[in-house]
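Derivation of every value follows stated rules applied to the coordinates shown; laboratory data play no part. Please read these numbers as outputs of a predicted model, since none were measured by experiment. For neighbour counting, all protein chains shown are included, and Cβ atoms are generated from backbone atoms with ideal geometry for every residue, glycine included.
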Amino acid sequence: MSILVKLLGITLLTMTSLLYSSLLLSDTKVYDEASLSPEDAFERGMLLRSQFKNSEGLRFLKSAADRGHADSAFVMALELLSPNTAYRNETLSRSYMLQAYEQGSLSAMNYFSTQAAWGTQRQRETLTNGYFNALIDNGKYNPRNAYWLLAEFYHRIDPELSLYYLDIAIEFESPRAYLESAWRISAGELDYVFEAKAQRELNRRYLFAARAGYIPAIKSYIKVLEEKAEFSQAYEWRKTALMAGDITSLVALANIYRDSSSQYDAFVDLDKVKSAAYCALYLEVAGKDRFPMIYRQAEQCYLNSIADLAMEDLQSIENIKREMRQSVVFYHHDEIWDSISIKLE
């Protein structure tokens, strides 16, 4: 078979495969945001947003917010502050943020207490007092979250009190608290007489949060391991991040499987089939509204990976993608995920 025929065949089959998979990705039906409950519309919008399809997710978030969903109003407010977007609107953002606050969103209350720069001093103090009272109420049924938020609340204004609440959140085994404490150790905010003990505590706290499946902790721990040239362990945690649903890990691992010059090549076999599958899956799941550079990297990685593959490898690529899609929901875990509660299915 000539090289031209082979490439044409791969291209045609790949395009067909991508089209078919994209239809599967849409859950085989088109969602009408108005037909969904506010909670379902919110979850759909958040998932799209976390897959870098912010513009599409915005209509679901708006639908939920306009029907009284407090967390959706909060996320809408932040989205409307996004730079370099056609929908940026500071006035409307403030309106949604106030709505979220009035409807009891702890995230909105936190925002007013720590980030909002508008309104009078007295108004901000009133909003801050409301947030503090809400945290106390929240502690009655979710103490782990309440103590973590109190630690965050006091971090800038009373570091000692913040540390007190952080330690309590750690006693409740909050992964966020463990990660935050690791960051504070790394920044020199927590005092240790012996550097060796500080390093042991740093590693222990990163490890606890990572083992809890907390994606930000897993990714932070990977950086720590790579800085120490412990690439074998870092590789295992990269696979853990992937199975936890970290969408960017698809491209990171695809590059490792494709590139023989990477720092992982001593113990990771090249696997262009898996590399192509991971890149193709990223291209199907992810949008380009955020991190367009990663999308372009995935495109290039995919093209490079399939260039040397045989026709029969395409079915293997499809099998890998299908297995991954059946077991993992891919998303980007950013700071907003820490302030809301969503169940991915």
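So the values come out like this:
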quantity: Percent of Cα pairs exceeding the 20 Å cut-off, where the set is the stretch 29-104; calculated: 23 percent
quantity: Proxy reagent accessibility, fewest Cβ within 10 Å first, across 158, 308; calculated: 308, 158
quantity: The chain: DSSP helices with Cα axial extent of at least 20 Å and average Kyte-Doolittle hydropathy no lower than -1.0; calculated: 3-25, 292-306
quantity: Label zone at residue 203, where the point sits 7 Å out along the Cα-to-Cβ direction: the stretch 155-194 residues whose backbone N lies under 16 Å; calculated: 182, 186, 194
quantity: Residues residue 337 and residue 307, FRET efficiency given R0 of 25 Å [Cβ-Cβ distance, rounded to 0.05]; calculated: 0.10
quantity: Burial ranking of peptide ranges 120-129, 243-252 (average Cβ count within 10 Å, highest at the top); calculated: 243-252, 120-129
quantity: Extension gain from residue 126 to residue 140, taking 0.36 nm per residue of separation minus the Cα-Cα distance; calculated: 2.8 nm
quantity: Between the stretch 150-185 and the stretch 218-282, the alpha-carbon center distance in angstrom; calculated: 31 Å
quantity: Descending Cα extents along the principal axes, the stretch 210-345, whole Å; calculated: 46, 34, 26
quantity: Computed over the stretch 113-162, Kirkwood Rh from alpha-carbon pairs, angstrom; calculated: 11.5 Å
quantity: Rg/Rh for the stretch 171-242, where both radii come from Cα atoms and Rh is the Kirkwood radius; calculated: 0.97
quantity: Under 18 Å from residue 62, Cα to Cα: aspartates and glutamates that are on another chain or at least 8 residues apart; calculated: 32, 33, 39, 40, 43, 71, 79, 90, 102, 289
quantity: At q = 0.09, 0.13, 0.15, 0.20 Å⁻¹, base-10 log of I(q)/I(0) for the stretch 104-251 (Debye sum, equal scatterers on each alpha carbon); calculated: -0.35, -0.69, -0.86, -1.17
quantity: Share of alpha-carbon pairs per 10 Å distance bin for the chain, given as whole %; calculated: 5, 21, 27, 25, 15, 5, 1, 0
